[in-house]
Amino acid sequence: MIKPLTCFFFVPGISDKFQSGGLLVIRTLAELFKKIPGADTKIVTTHEESADSMTPEDAFEYAQNHDSLFIVTWGPLVEKHIKLIKKNMPKAHILYYAQSFGWKIKVPRDVPIACVSRYVMANWTQRAPENFCAYLPPPLNPKCKLTNRLRDIDILLHKRKQNSYCLNKLLPALQKENLKIEVLDSWTPQEDFFALLNRSKIFLYITAQHRAGLFRKLPGEGFGLPALEAVICGAIVGSNLSGGVTDFLISGENCIKLRDENLHFDIAQIKKALANFSVNEASLADLSKEYSQDAVLQRWTRLLETLSADVVQ
């Protein structure tokens with residue numbers, strides 16, 4: 001049982017100006033935490049004021065009279081947020097929810113690191129060997145599910161985060177084939193995205209190197225939630241298997257491994273997958289359960305039970 005604990009999620013903002021998959025995950029978690037007996041949650045925004053969030057000053061004042069855990073997550077601001085919290089509350093308990101790595105972040109030894117994927121966790125256990133690390137994947141939206149077995153879209157691609165080979169070579173080559181291709185080039189509401197995935201046979205996800213600062217690039221994304229959502233909706237993912245997607249993508253089962261820069265090979269693989277397409281319901285059922293809100297909630301509950309023993313004196 002968790003002793004009464006207020007969890008403050010520090011983010012830059014929650015308006016449309018700050019649209020991103022990572023911040024959407026945090027808002028989902030904040031809502032999910034409300035189901036944990038003894039846990040209260042509050043969003044704290046540092047770069048904008050909102051009626052739906054607290055300012056850091058209000059959070060620090062509130063925390064003076066409540067056992068609290070401060071959760072930081074936004075890569076470019078993690079170190080600044082930790083310093084801000086420690087400056088105002090030197091004895092504060094802080095958790096870093098790592099959705100990536102890099103950014104030249106220095107995490108104090110007393111800050112536990114909850115990692116969004118095994119890929120991210122492997123990197124943080126190497127970079128911060130003295131910190132407590134745990135594996136806490138993001139929860140799936142309950143509306144992300146298989147609803148359609150008939151597919152009228154051969155290939156779906158969202159331009160965001162795809163590498164130059166995918167956008168400038170593979171996509172134009174595929175568009176010359178006799179295929180039904182849908183391309184998204186702007187932020188798409190989740191329910192609309194799920195509907196498109198349920199109409200698609202293949203979802204292309206050939207990610208570019210992940211940026212971590214102005215000049216630094218990392219090998220792959222921390223997790224790759226759109227690829228997981230594609231699998232759950234019954235699509236096959238065509239991927240270079242870079243980054244956290246290796247937690248859930250398995251070649252020959254729910255994805256095809258594309259060689260990235262070998263155009264002839266990749267087009268042949270895609271055509272073969274389209275010709276033999278079928279929905280692997282057993283595979284997506286297992287993943288749906290593993291990343292369900294209930295399963296993720298259980299993981300967070302166990303972690304908070306451990307941490308609250310130290311927070312609540």
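We did not get these values from a lab; they are worked out from the coordinates using the rules stated. Keep in mind that this is a model prediction, so the values were computed, not measured. All Cβ positions, even for glycine, are placed from backbone atoms using ideal geometry, and neighbour counts span all protein chains on display.
Tabulated data
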quantity: Rg(Cα)/(2.2 N^0.38 Å) for region 153-288, N = residue count; calculated: 0.99
quantity: Sites Ile267 and Met89, calculated FRET efficiency, Cβ-Cβ separation with R0 45 Å, nearest 0.05; calculated: 0.20
quantity: Separation of alpha-carbon centers, region 159-184 and region 222-294, rounded to whole Å; calculated: 17 Å
quantity: Net charge of neighbours whose Cβ lies under 12 Å from the Cβ of Ser283, counting Lys and Arg as +1 and Asp and Glu as -1; calculated: -3
quantity: Computed FRET value (nearest 0.05) for Glu61 with Asn178, which takes r as the C-beta separation and R₀ as 45 Å; calculated: 0.10
quantity: Sorted peptide list for 97-104, 125-132, 52-59, criterion being average Cβ within 10 angstrom, highest first; calculated: 97-104, 52-59, 125-132
quantity: Reciprocal of mean inverse Cα separation for region 1-144 (Kirkwood radius, Å); calculated: 15.6 Å
quantity: Given (1) 20.5, 66; (2) 18.3, 58; (3) 18.7, 62, the label whose value is Rg and Dmax of the Cα atoms in Å derived from this model; calculated: (1)
quantity: Surface/4 of the Cα convex hull for region 71-171, nm²; calculated: 9.6 nm²
